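Data block below; observations after.
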Amino acid sequence: MLDTVQRYINTIQDVIARAAIEAIVDPIADRLSTQTFTSAGLVIKAGGSAIVKTGSSVTYALVKGKLVSKAGSTDMAALVGTVTNAKFNVFAFFMDGSGTLTTAMGVEGATLAAVVFPPIPVGKACIGFVIINPTGTGDFVGGTTPLDDVTVVPNAAYINTIGAFDPTVVLG
């Protein structure tokens, strides 16, 4: 019985054609089999904190076709990197099949539209991201600057992703 994309691809006799199709289909299959089903409800851990956490509900995701969950009020992996004052950037949060959380920073831009998202790692669901746009007196330093700092004014906006999400898939 053919029940996986890989098994269908393996029926292709021509090795070169099979490799070419795998190069196209594998990333799409990973995004479709690795995604969130419920909102992580991302929020600041507490006043004066530099840490993002999940909200009060359990987060459910599919990672490589297997259901995983993360308890509510779980700390995200630390934010690492600096966002320059008056620039925009994102820190994206990922969960793998064992429930391990990781964070990756994008490439900052002068506008929100100029931000480049970090690539989504293979086999990890993107559960959300935080947009940082410091407009106060200094840069935002991940892991150090509180997300509600009144001097740096990080302007943190918490975005929860649900479903297949890959900002690197752009046509044209």
Next item on the list: Pop a pseudo-label 7 angstrom from the Cα along the beta-carbon direction at both V107 and N10 and give the gap in nm to one decimal.
Entry: 3.8 nm
Next item on the list: Give the calculated FRET efficiency between A86 and L171 to the nearest 0.05, with a Förster radius of 22 Å applied to their Cβ-Cβ distance.
Entry: 0.10
Next item on the list: Give the ranking of R18, R31, R7 by solvent-accessible surface, highest area first, calculated with a 1.4 Å probe.
Entry: R7, R18, R31
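Residues of the chain: accessible area per residue at 1.4 Å, in Å²?
Numbers: 8830 Å² over 172 residues.
Roughly 51 Å² per residue, with all protein chains present.
As an exercise, find the ratio Rg/Rh for the range 1-128 from alpha-carbon atoms, using the Kirkwood inverse-distance average for Rh. Write down the numbers at each step before the final one.
Working: Rg = 17.9 Å, Rh = 16.6 Å.
Rg/Rh: 1.08.
Could you order T137, T11 by accessible surface area, starting with the largest, using a probe radius of 1.4 Å?
Values: T137 115, T11 75 Å².
Putting T137, T11 in descending order of accessible area: T137, T11.
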Note to self: At 0.36 nm per residue, and after removing the present C-alpha to C-alpha distance, how many nm does the segment from S56 to A17 gain when stretched out fully?
What the structure shows: 9.3 nm
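What is the magnitude of the charge dipole of the chain about its Cα centre, with +1 placed on the Cβ of each Lys and Arg, -1 on the Cβ of each Asp and Glu, and no other charges, expressed in debye to the nearest 20?
Values: 10 positive and 12 negative charges, 60 e Å.
Dipole about the Cα centre, nearest 20: 280 debye.
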Check: Nearest 10 degrees, 0 to 90: what angle lies between the long axis of helix 15-33 and the longest principal axis of the chain (Cα atoms)?
Finding: 40 degrees
Checklist line | Candidate lysines - alpha carbon under 28 Å from K64, same-chain residues fewer than 8 apart omitted | finding: K53, K124
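At a 1.4 Å probe radius, carbon and sulfur cover how many percent of the accessible area of the chain?
Values: 5550 of 8830 Å².
Taking all protein chains in place, the chain shows 63 percent carbon and sulfur surface.
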Note to self: Restricting to DSSP H runs of at least four residues, report the calculated mean residue ellipticity at 222 nm for the chain, -39500 (n - 2.57) per run over all residues, nearest 500 deg cm²/dmol.
What the structure shows: -4500 deg cm²/dmol
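The values are calculated or read from the model by the stated rules, or taken from the named source; none is laboratory data. What you are looking at is a predicted structure, and each value in this text was computed from that prediction instead of being measured. Note: ideal-geometry Cβ built from the backbone for every residue, glycine included; neighbour counts use all protein chains shown. Only protein heavy atoms, including side chains, enter the accessible area calculation; ligands, DNA and RNA are left aside. Shrake-Rupley method; radii C 1.70, N 1.55, O 1.52, S 1.80 Å.
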